[in-house]
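Taken together, the values in this text are just the output of simple stated rules run on the coordinates, not laboratory data. Keep in mind it's a predicted model, so treat the numbers as computed, not measured. Please note: Cβ atoms are built from the backbone with ideal geometry, for glycine as well, and neighbour counts cover all protein chains shown.
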Amino acid sequence: MAAQDPRTKFSSKQYPKQEQPVPGLQSKLEPKPDCGETSYQGHGRLTDYKMLVTGGDSAIGRAAAIAYAKEGADVAINYLPAEQEDAEEVKSVIEQAGRKAVLIPGDVRDEQFNYDLVEQAYNELGGLDNVTLVAGHQQYHDDIKGFSTEAFTETFETNVYPIFWTVQKALDYLQPGATITTTSSIQGYKPNPILHDYAASKAAIISLTKSISEELAEKGIRVNCVAPGPFWSPLQISGGQPQSKIPEFGQNSLMGRAGQSVELSGIYVHLESEEASYTTGQVYGVTGGAQID
Ligand code: NAD
Ligand code: MG
């Protein structure tokens, strides 16, 4: 296929206003994000790898999980129990690709659950080559005074602490050649004033990625981070953005539109594949043009 114009490759139409409680469901989102269900083509870059993806039911995590399966990997996904329907859809795409899918619902704010999650993924997949941490919580607040300690805590408990817990447990299993991939955001570099806690948590993820990568290099384990810009997803319509910002979501990027999750698939795959064997401690921006610096 000839090269496509990135501005028109996906729709730049206004999104319909819509609201869902946390966690938003992809099955109820309109329009549906493209997570590579039919558009992603694998090339055997992760044949027989065993991968664990948190937040693997929808949008960005779903795109990573589907791409991994299409590249030849068996994949365990974690999500909240309320997202079972979305997770079942991902399972069927993974199985259509001829790979094993393991569904592990549970709340990553629970420390013990993170240890159990990694252990179950290892046992059911028969090994573990990668942990891809995508689960995240984002709620906007108009001002810092309107902010509760509970809200701040929930953001850090969802976005930051599970990195510690999953990595600690995964080190019981990961062998040289294994990888850990985290998910930050452009917000980690350019904080929006209505996303104080979220942006700070995403900056913490960048820092943790770098420190963990330095420690684990001597074990032959690579650790990298993906920092997306605006991607159309259930997170945005379940309190991640004010409703007034939904119609034009992503249109202020240099591409003039929001990203679609499949536009991140190749970066996640690359970071975990042999092609990236000299890459660790790096943050990859996929932002529609905004600089991550
Ligand atoms: P999403 O709603 O599809 O994904 C978030 C996922 O996090 C949910 O599917 C859910 O399974 C998981 N999650 C949330 N709280 C959890 C909990 N307590 N326990 C277990 N799982 C939990 O939305 P998305 O936009 O694909 O977000 C995925 C990641 O990408 C998040 O970390 C988000 O911060 C990051 N991100 C998104 C954007 C964007 O514009 N959509 C931009 C930058 C970064
Ligand atoms: Mg979801």
Inset, instruction - Tell me, please, whether a residue that is within 17 Å of THR54 (Cβ to Cβ), within 16 Å of ligand 2 (Cβ to nearest atom) and of a type outside the set (Ser, Thr, Tyr) can be found in the range 262-274. - result: yes
Inset, instruction - At least 3 residues that are more than 16 Å from ligand 2 (Cβ to nearest atom) and within 25 Å of THR209 (Cα to Cα) in each: list the helices (runs of 4 or more DSSP H) lying fully within the range 58-169 that qualify. - result: 59-70, 111-125, 149-159
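Does the range 176-195 hold any residues that are surrounded by fewer than 18 Cβ atoms within 10 Å (Cβ to Cβ) and closer than 17 Å to THR132 by Cβ, and which are they?
Selection gives GLY177 alone.
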Legend entry - Matching residues in the range 56-74 - criterion: being touching a Ser or Thr at 6+ places or on another chain (Cβ under 9 Å), of a type in the set (D, E, K, R) and either within 8 Å of ligand 1 (Cβ to nearest atom) or without any contact (Cβ under 8 Å) to a residue 40 or more places away in the chain (or both): ARG62, LYS70
Inset, instruction - For the range 137-146, state whether one or more residues are in contact (Cβ under 8 Å) with a residue 40 or more places away in the chain and small (Gly, Ala, Ser). - result: no
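Each row is one residue, and each column tells you yes or no for (1) in a helix (DSSP H, G or I); (2) within 16 Å of ligand 2 (Cβ to nearest atom); (3) closer than 30 Å to ASP172 by Cβ.
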residue: LYS202; (1), (2), (3): yes, no, yes
residue: ILE205; (1), (2), (3): yes, no, yes
residue: ALA217; (1), (2), (3): yes, no, yes
residue: VAL223; (1), (2), (3): no, no, yes
residue: ALA227; (1), (2), (3): no, no, yes
residue: GLN236; (1), (2), (3): yes, yes, no
Legend entry - Every residue from the range 78-92 that is of a type outside the set (D, E, K, R) and either within 15 Å of ligand 1 (Cβ to nearest atom) or within 15 Å of THR132 (Cβ to Cβ) (or both): ASN78, TYR79, LEU80, PRO81, ALA82, GLN84, ALA87, VAL90
Inset, instruction - Identify, by number, the condition in (1) of a type in the set (D, E, K, R); (2) in a helix (DSSP H, G or I); (3) more than 15 Å from ligand 2 (Cβ to nearest atom) that ASP48 doesn't meet. - result: (2)
